[in-house]
Amino acid sequence: MKRTLLLAVAAGSILAAGCTPVLRNHGFVYVDGEVPTIVPGEDNQASVLERLGSPSTQGVFESTTWYYMSDTRQSLAYQRPQTSYRRIMEIQFDQTGMVASVEEYGLEDGRRVALVGRETPTPGREMSVWEQLFGNIGNIPTEQFGGEQNLPGGAGGPRRDQ
């Protein structure tokens with residue numbers, strides 16, 4: 001009776017542990033959980049670096065935009081992880097290095113992008129695997145093997161004229 005009860009409790013705890021979500025933080029994590037305020041016109045690149053550290057990424061076409069990104073993903077047992085929290089802070093600087101604007105984006109600002117599974121066609125005919133493997137048999141130029149031409153790379157390299 002005790003053994004059955006012990007096995008039932010062990011199986012129940014294993015099942016309960018499988019249902020506990022695993023949280024993972026990705027990207028920029030704020031120190032002490034507090035988000036420091038960045039004031040446009042007062043802060044500059046040096047003060048932002050001091051408060052927030054290096055940015056997660058910078059603008060592709062202009063290096064005057066910094067992004068600090070963070071998100072939390074929750075996974076449950078065998079299921080695909082779901083993003084439960086996302087925060088992106090975009091800081092734009094003017095030409096003098098002062099903060100021009102600060103924008104924040106969350107999970108609700110994101111949108112799904114549908115990927116297209118099309119392929120770009122290539123000119124020419126498509127060959128099967130066998131044609132690719134054995135297609136050159138019989139197509140090797142025979143004049144390179146023992147002909148009278150003095151070609152580099154044919155039949156052991158260039159020949160000397162005698």
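Since every read-out is calculated from the coordinates, none of them should be taken as a lab result. Just so it is clear, the model here is predicted, and its values are computed rather than measured. All Cβ positions, glycine included, derive from the backbone under ideal geometry; neighbour counts span all protein chains shown.
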**Request:** Return the sequence-ordered ³J(HN,Hα) values of the range 66-76 in whole Hz as given by the Karplus equation 6.51 cos²θ - 1.76 cosθ + 1.60 applied to θ = phi - 60°, using x for Gly and Pro.
**Result:** 10, 10, 10, 10, 8, 8, 10, 10, 10, 10, 10
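For VAL39 and MET69, compute 0.36 nm times the residue count separating them, minus their Cα-Cα distance, and round to one decimal in nm. Please report the intermediate quantities before stating the final value.
Details: separation 30, 0.36 × 30 = 10.80 nm, distance 1.85 nm.
Full extension from VAL39 to MET69 adds 8.9 nm.
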**Request:** Pull up all non-local amide H partners of SER56: gap of 5 or more, or a different chain, and H-to-H distance under 5 Å with H placed in the peptide plane.
**Result:** TYR67, TYR68, MET69
**Prompt:** So, by mean Cβ neighbours within 10 angstrom, what's the order for 73-86, 104-117 with the highest one leading?
**Reply:** 73-86, 104-117
**Complete:** Once ALA11 and LEU115 are pulled to full extension, the length gained, defined as 0.36 nm per residue separation minus their Cα-Cα distance, is 33.2 nm
**Asked** Once amide H atoms are placed 1.01 Å from N in the peptide plane, what residues at a sequence separation of 5 or more from TYR85, or on another chain, have their amide H within under 5 Å of its amide H?
**Response** THR72
**Request:** May I ask you to evaluate 6.51 cos²θ - 1.76 cosθ + 1.60, the Karplus curve with θ = phi - 60°, for each residue of the range 106-116 and list the ³J(HN,Hα) values in order in whole Hz, giving x for glycine and proline?
**Result:** x, 4, 6, 7, x, 8, 7, 10, 7, 7, 9
